[in-house]
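Take a look at the structure set out below.
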Amino acid sequence: MGLFDNIGSPAPQNVQQSSGNKTVDVVFTKLPDNFAEFTALPQAAMDDPFKTAALTVLALCFYPQDKDTCIQMLNFLKGPQPLSNYEQQFLADRFRDADYVPRSYFVGAVPANDYKPAQPYTVKVSENPYSYQDSGYAKLYLQSGGADSPRPIQLRLAKDGNWYLWEQFLLAGIRPPESTNPWA
């Protein structure tokens, strides 16, 4: 069973323009089923911050079906600084009521289709004029199909030349799927 197979039919693709300097479409032609496939993805080279940001979304999507694999993937993305106990508890708290938030960052995932992404699976990652104001860090932005404004993610450049996940603000609340609205 695939990662998004149990969600309703996809709605037409709704692509919004980014207000940043540059927007990169990170495309996953095939979604991984496990940690080994995740680390074998071309984006797992983490040689630019846009790839690491998109991989973070993909890793977070695993939490509802396999918490341990999600944490393993996030620790891979965090590199030399694994998730703290506080960060792991934060994930558990955020996923208690809303398992759809991470998949809302894929193109085509909106409340009307229960946040089922369009294929190929694409995450749009944007920068703005202030994204690189701190040396060795990149603050990029991802648009959720259920939020009005983009959400930030911060990445850090390590000595090995890879961009690692430093901090993410992707799990804030968004509009719930329409299937959960008793008035719709």
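Odds and ends about this structure:
- Residue 126 satisfies every condition listed in (1) among the hydroxyl-bearing types (Ser, Thr, Tyr); (2) closer than 15 Å to residue 110 by Cβ; (3) at pLDDT 95 or above except (2).
- Pairs, first under 12 Å from residue 145 (Cα atoms) in region 169-181, second in a loop (DSSP other than H, G, I, E, B) and modelled with pLDDT of 90 or more, C-beta under 7 Å, six or more apart: 174/101; 174/144; 174/146; 174/147; 175/146; 177/100; 177/114; 177/115
- Test result for residue 75, over 19 Å from residue 2 (Cβ atoms) and without any contact (Cβ under 8 Å) to a residue 12 or more places away in the chain: yes
- Residue in region 80-104 that is least open to solvent (accessible area, probe 1.4 Å), counting only those that are more than 17 Å from the chain's Cα centre (by Cα) and touching a residue at least 24 places away in the same chain (Cβ under 8 Å): 81
- Within region 139-158, the residues that satisfy the criterion of being open to solvent by 40 Å² or more (accessible area, probe 1.4 Å), in a loop (DSSP other than H, G, I, E, B) and either under 16 Å from residue 123 (Cβ atoms) or among the hydrophobic types (A, V, I, L, M, F, W, C) (or both) are 143, 150.
- Selected residue [closer than 22 Å to residue 155 by Cα, surrounded by 17 or more Cβ atoms within 10 Å (Cβ to Cβ) and at pLDDT 95 or above] from 53, 40, 45: 53
- Filter result for residue 62 (at pLDDT below 95 and open to solvent by less than 20 Å² (accessible area, probe 1.4 Å)): no
- Among the candidates 124, 116, residue that is assigned to a loop (DSSP other than H, G, I, E, B) and surrounded by 15 or more Cβ atoms within 10 Å (Cβ to Cβ): 116
- From the list 105, 100, 86, 63, the one residue that fits, being in contact with a strand residue (DSSP E or B) (Cβ under 8 Å, 6 or more places away or on another chain) and of a type in the set (Phe, Trp, Tyr), is 105.
The values are calculated or read from the model by the stated rules, or taken from the named source; none is laboratory data. Computed from a predicted model, the values in this text were never measured in an experiment. Methodologically, a virtual Cβ is constructed for each residue, glycine included, from the backbone with ideal geometry; neighbour enumeration extends over all protein chains shown. Just the protein is used for accessible areas: all its heavy atoms, side chains included, with ligands, DNA and RNA removed. Shrake-Rupley method; radii C 1.70, N 1.55, O 1.52, S 1.80 Å.
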